[in-house]
Amino acid sequence: MTKILLVEDDDTITFGIRMALEKKGYELMACTCLAEAKHLFSGAYSLVLLDLNLPDGNGYEFCTWVKARSDIPIIFLTVRDDVEDITKGLDMGADDYVTKPFHIAVLESRIAAVLRRVPEESNEFCVCGNICLDKEKMRVLVDGQETVLTALEYRLLLILMENQGRILPRGLILEKLWDSEGNYVNDNTLTVTVKRLRKKLNNTRSLVTVRGIGYRMEESGHAAK
C-alpha cells in the first residue's frame, strides 16, 4: 500500500484529504507541524503532501530537510499562488504545487501523476532520522554529509535500515551478513562492527542495542551521549 505523509494544520482539509485518499487505497499519516513531520518522516513514505504555512515554520524548510535525506516526491498545498512562490518551491525540488482551495479530484490526479514518474518498487533510499542510505550509489549521508563505511559496516547498516523499527536478533544479523558474501562473520566481529558503525554515524541514538537480544534501528533526533 502506498504511504503518504500529509503535513497540514487545517483539520478540515486534513479530514477531506484523508477520506478521499483512503478510499483510493492510499495509507495516510497526517501531522500539523514541522517538528512532528520530522519525527514521523522515514523512507517508508512514497509521497509528501506539504502545506506551506505551518505553526512552527514553513514548508520550504521541511522540503529542504527532506531533499537532503531522500528523493521522495513532494507536492506543496498552499493558498499562495504567486509565480515567485511556485517557482521557489519547484526550484527546491518539489514535484508539484496545488493551490487552495482545490477540488479533491484535482489533487488525486496530481498525486497519481507524480507517483507514475517514480519507479513503483525502486526504494532507492532508506531514511532514519538524520541518516540516509542511498542503495543505488551505495553511500551513506549523515546530516547531508557523506560518511565512508567499510563493506561490512555498510551491509550491517543496510540490514538494520531495511528492517527499521524491528528488533533483529544477533543470530539473524550474523546469518544475513554471512549469506550476503559467503564469508563467516563471528559474534565478536559483529560487536566491534556495531561500535565502529555507531561512531561513524556521529554516535547516533537511532542504532539501539537491545540487551541480550540484538539491535534495532529507530527514529531519534539526538546523538548518543
Just give me the residues in the stretch 213-225 being at pLDDT 90 or above and either part of a helix (DSSP H, G or I) or loosely packed, with under 15 Cβ neighbours inside 10 Å (or both), in sequence order.
213
If we keep only residues of the stretch 2-16 that are open to solvent by 20 Å² or more (accessible area, probe 1.4 Å) and closer than 16 Å to residue 72 by Cα, then the residue farthest from the chain's Cα centre (by Cα) is 2
Among the residues of the stretch 40-56, what is the count of those that are outside any strand (DSSP E or B), open to solvent by 10 Å² or more (accessible area, probe 1.4 Å) and under 19 Å from residue 219 (Cβ atoms)?
6
Considering only the stretch 175-190, state which residues are exposed (fewer than 12 other Cβ atoms within 10 Å of the Cβ) and either of a type in the set (Val, Ile, Thr) or in a helix (DSSP H, G or I) (or both).
179, 181, 187, 188
Determine, yes or no, whether residue 210 is at pLDDT 90 or above, hydrophobic (A, V, I, L, M, F, W, C), open to solvent by 60 Å² or more (accessible area, probe 1.4 Å) and farther than 19 Å from residue 41 by Cα.
no
Take the residues of the stretch 57-82 that are exposed (fewer than 14 other Cβ atoms within 10 Å of the Cβ) and in a loop (DSSP other than H, G, I, E, B): which is nearest to the chain's Cα centre (by Cα)?
79
Across the stretch 104-143, which residue is surrounded by the fewest Cβ atoms within 10 Å (Cβ to Cβ) among those that are closer than 16 Å to residue 203 by Cα and either at pLDDT below 85 or of a type in the set (Val, Ile, Thr) (or both)?
142
Hits in the stretch 22-38 (condition: assigned to a strand (DSSP E or B) and of a type in the set (A, V, I, L, M, F, W, C)):
28, 29, 30, 31
Output the number of residues of the stretch 151-170 satisfying the condition of being free of Cβ contacts under 8 Å to residues at least 40 places away in the same chain and within 15 Å of residue 193 (Cα to Cα).
5
When you look at residue 19, is it open to solvent by 30 Å² or more (accessible area, probe 1.4 Å), of a type in the set (A, V, I, L, M) and in a strand (DSSP E or B), yes or no?
no
For the stretch 153-174, indicate whether the set of residues that are open to solvent by 60 Å² or more (accessible area, probe 1.4 Å), at pLDDT below 90, more than 16 Å from residue 69 (Cα to Cα) and not in a loop (DSSP other than H, G, I, E, B) is non-empty.
no
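The values are calculated or read from the model by the stated rules, or taken from the named source; none is laboratory data. The shown structure was predicted, so the numbers you read here are calculated from the model rather than taken from an experiment. Positions of Cβ are backbone-derived with ideal geometry, glycine not excepted, and every protein chain shown enters the neighbour counts. The area values use the complete protein model at the heavy-atom level, side chains included, leaving out ligands, DNA and RNA. Shrake-Rupley method; radii C 1.70, N 1.55, O 1.52, S 1.80 Å.
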